[in-house]
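Below is one structure, written out as structure tokens; comments come after it.
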Amino acid sequence: MSRYASFAELACGEVLGRDYRVRTRGLAGSDVLIVAPHGGLIEAGTSEIAERIAADDYGLFSFEGLKPYGTNRELHITSHRFDHPECLAMAARANVVLSVHGCLGHTRIHIGGLDTPLADALAAALRTAGFPIDPASERYPGRHPLNICNRGVRGQGAQLEITYDLRASDRSHAAIACAVRGAMAQFLGQPPADR
């Protein structure tokens, strides 16, 4: 159970700049938003992976825990309650929203969300890149309509739930981002970017 049921609640109990920070980069002419709602030390590695996926091509929103090690989990707001106003505003302008999360387990990427074609493209690209995946994850389905990944213009998006061992390696960050960027380009009907 999350300690906070909303961002407003969290903002009353935590200090911006000391306990958490928010990093954003506008949509940059793109209608794609990459979100790390539990970044920094909340779910380590998710901010870095989200930033690599976004690169200079997609918008980025990253909510990051800055508290001492072992105390950041209390900053976790469940994804269907994640309502940071700036994130919601950015998502409301994006046709495609992809969120990056951390999960328990070993060497697996769970794929969820209401955008089945995007989830399928992500699953195919990550499988081809050699990652064990759980497509249409039942453990981490991301199917709640208020899940941050489903808050874009189309009311459907995708989420990646990545185990710690894959989030802890810079090499994995790069490989995951490369596969996801290829899937995004294919999904959007764009030529693959050189990243």
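Name the one entry in Ala55, Ala11, Ala91 that is without any contact (Cβ under 8 Å) to a residue 24 or more places away in the chain and either over 21 Å from Ala168 (Cβ atoms) or surrounded by 15 or more Cβ atoms within 10 Å (Cβ to Cβ) (or both).
On inspection, the qualifying residue turns out to be Ala11.
What are the residues in segment 142-171 that are modelled with pLDDT of 95 or more and assigned to a helix (DSSP H, G or I), if any?
Across segment 142-171, the qualifying residues are Ile148, Cys149, Asn150, Tyr164, Asp165, Leu166, Arg167.
Of all residues in segment 96-141 being within 20 Å of Ser62 (Cβ to Cβ) and assigned to a loop (DSSP other than H, G, I, E, B), which is least open to solvent (accessible area, probe 1.4 Å)?
Gly113
Would you call Arg73 in a strand (DSSP E or B), open to solvent by 20 Å² or more (accessible area, probe 1.4 Å) and touching a residue at least 24 places away in the same chain (Cβ under 8 Å)?
So Arg73 does not fit the description; no.
Going through Gly40, Gly13, Gly17 one at a time, which residue ends up being at pLDDT 95 or above and under 21 Å from Asn147 (Cβ atoms)?
When all the criteria are applied, what remains is Gly40.
If Asp57 meets every condition in (1) modelled with pLDDT of 95 or more; (2) closer than 24 Å to Ala119 by Cα apart from one, which number is that one?
The single condition Asp57 does not satisfy is (1).
Would you check which residues across segment 174-184 are crowded, with 22+ Cβ neighbours inside 10 Å and within 12 Å of Glu48 (Cα to Cα) and list them?
Within segment 174-184, Ile176 is the sole residue that qualifies.
Could you tell me whether any residue of segment 21-30 is free of Cβ contacts under 8 Å to residues at least 60 places away in the same chain and more than 26 Å from Gly155 (Cα to Cα)?
yes
Of the residues that make up segment 44-51, is at least one without any contact (Cβ under 8 Å) to a residue 60 or more places away in the chain, out of contact with any helix residue (DSSP H, G or I) (no Cβ under 8 Å at 6 or more places or on another chain), charged (D, E, K, R) and open to solvent by 20 Å² or more (accessible area, probe 1.4 Å)?
yes
Please tell me if Ser62 is buried (at least 23 other Cβ atoms within 10 Å of the Cβ), farther than 12 Å from Leu160 by Cα and out of contact with any His (no Cβ under 9 Å at 6 or more places or on another chain).
yes
The values are calculated or read from the model by the stated rules, or taken from the named source; none is laboratory data. A quick note: this is a predicted structure, and the numbers were derived from the prediction, not measured. When we count neighbours, we look across all protein chains shown, and the Cβ atoms used for this are built from the backbone with ideal geometry, even at glycine. Heavy atoms of the whole protein, side chains included, go into the accessibility calculation; ligands, DNA and RNA do not. Shrake-Rupley method; radii C 1.70, N 1.55, O 1.52, S 1.80 Å.
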